[in-house]
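We did not get these values from a lab; they are worked out from the coordinates using the rules stated. Just so it is clear, the model here is predicted, and its values are computed rather than measured. Cβ atoms come from the backbone with ideal geometry, glycine included; neighbour counts cover every protein chain shown.
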Amino acid sequence: MHRLPLLLVLLSIVSSSSALAQEKIAHAYLGPPSGHKGAQLRELFEHPDQWPRTRAQTGGILYADHAFSDFSDAELRVWFGQLAQWELKLELEVGGVKEWGVTGAGTFAGEKAAWERIERLGGRIASIAMDEPLCCVRFAMHKPDDYAVTETAKFIAVVRQAYPKMLIGDIEPYPSLSVEEHQRWIDALEQKLAATGVRGLDFYRIDPDWASFDLAGKGSWAGIRQIEHFCRTRKIPFSLIYWASEEPHLQRRGLAGSSTWFTGVMHEGEAYALAGGAPDQYVIESWIDAPSYALPETDHSTFTGAAMDFLAKFAIPKSSPTP
């Protein structure tokens, strides 16, 4: 007599659990590798049936602005329409100050045509992440940090003027830059922007070479946690890239395999969680020749397979301060 109501209750619980498991995590971004002429990004758009669960949990797609040159106008017009349909935001990884631009204004001028093409074809650029302007100025241009501060601030200023609604963040590496260097850089850049009446950073992203913690005895998860805490004191959302940092080292030794990417991403998730870390934005990104395929999500060795398992375990749905 009571079986039917009980069955309905159980079905309701299962349905609610399934919905929760696939709740969109607005602060989770996927950045598939752009090698092989963007083969993995193409996979995502041409085979949407092979990553529905991952897509349902993801807040946006991250891709280098210049890498869109691998695709035709006709392809991008369709793909940007799909992004809108899936309610996925678009973030571009861009130069801030680069040796091919020399100055912030020069770098923006060199990228503006690519951004305009994306928007002309229906893409809405919600945010940009500058690709390590401090490191580029130091190690590629061999100029002082003050130059990096000044020109990065100028780049942000011209972008704010041209795209007032766009969110702007900075990516910098760790541990090649120490905790103290990150802190000095953040404060100097924010002070320069404030002095010129320009809004500061919308997020700060760490690119962690966590394999160096053991291989070179340099850096620690606690160090990243310090940078996260520092960002919070400055009211800047903290963003962290999750990737298989040990993969290139294993490849050189012939030890990398189909599961290396998955193992590395999950290891970083576990290690940083154990250190007490909880970024405001999770970014699963690859710029190396791994993993080999983006799909299907049912295979944990693929890009979406690893991302789906990572998001289910580590990323808690919440209102995100970043796009």
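Annotations
- Compared with the alpha-carbon gap, the fully stretched path from residue 39 to residue 147 is longer by 35.1 nm at 0.36 nm per residue.
- Dipole magnitude (debye, nearest 20) for segment 24-314, charges at Cβ of Lys, Arg, Asp, Glu: 680 debye
- Within the same chain, aspartates and glutamates fewer than 8 places from residue 192 are excluded, and of the rest, those with a Cα less than 14 Å from its Cα are 145, 146, 151.
- Our coupling estimate for segment 91-99, obtained by passing each phi through the Karplus curve with A = 6.51, B = -1.76, C = 1.60 and θ = phi - 60°, is 10, 9, 8, 9, x, x, 9, 10, 4 Hz, Gly and Pro reported as x.
- Under 5 Å, built H, 5+ apart or other chain: amide partners of residue 64: 93
- Rounded to the nearest 500, the helix-only mean residue ellipticity at 222 nm of the chain stands at -15000 deg cm²/dmol, with each DSSP H run of n ≥ 4 adding -39,500 (n - 2.57).
- Distance between modelled label sites at residue 73 and residue 293, nm, 7 Å Cα→Cβ extension: 3.4 nm
- Cβ-defined net charge surrounding residue 137, 15 Å radius [Lys, Arg +1; Asp, Glu -1]: -3
- For segment 225-234, the Karplus equation 6.51 cos²θ - 1.76 cosθ + 1.60, evaluated at θ = phi - 60°, returns couplings of 4, 5, 5, 4, 4, 4, 4, 5, 5, 9 Hz by residue, with Gly and Pro reported as x.
- For residue 242, distant residues with modelled amide H under 5 Å away: 283, 284, 285
- The simple spin-label model puts a point 7 Å past each Cα toward its Cβ; for residue 196 and residue 270 those points are separated by 4.6 nm.
- Among 201, 271, 85 - extreme Cα towards positive end, dipole of segment 24-314, charges at beta-carbon: 201
- Cross-link pairs exceeding 32 Å between alpha carbons, from the set 24/154; 218/313; 24/165: 24/154.
- Structural descriptor for segment 17-157: relative contact order 22 percent, calculated from alpha carbon pairs under 8 angstrom and at least 6 residues apart.
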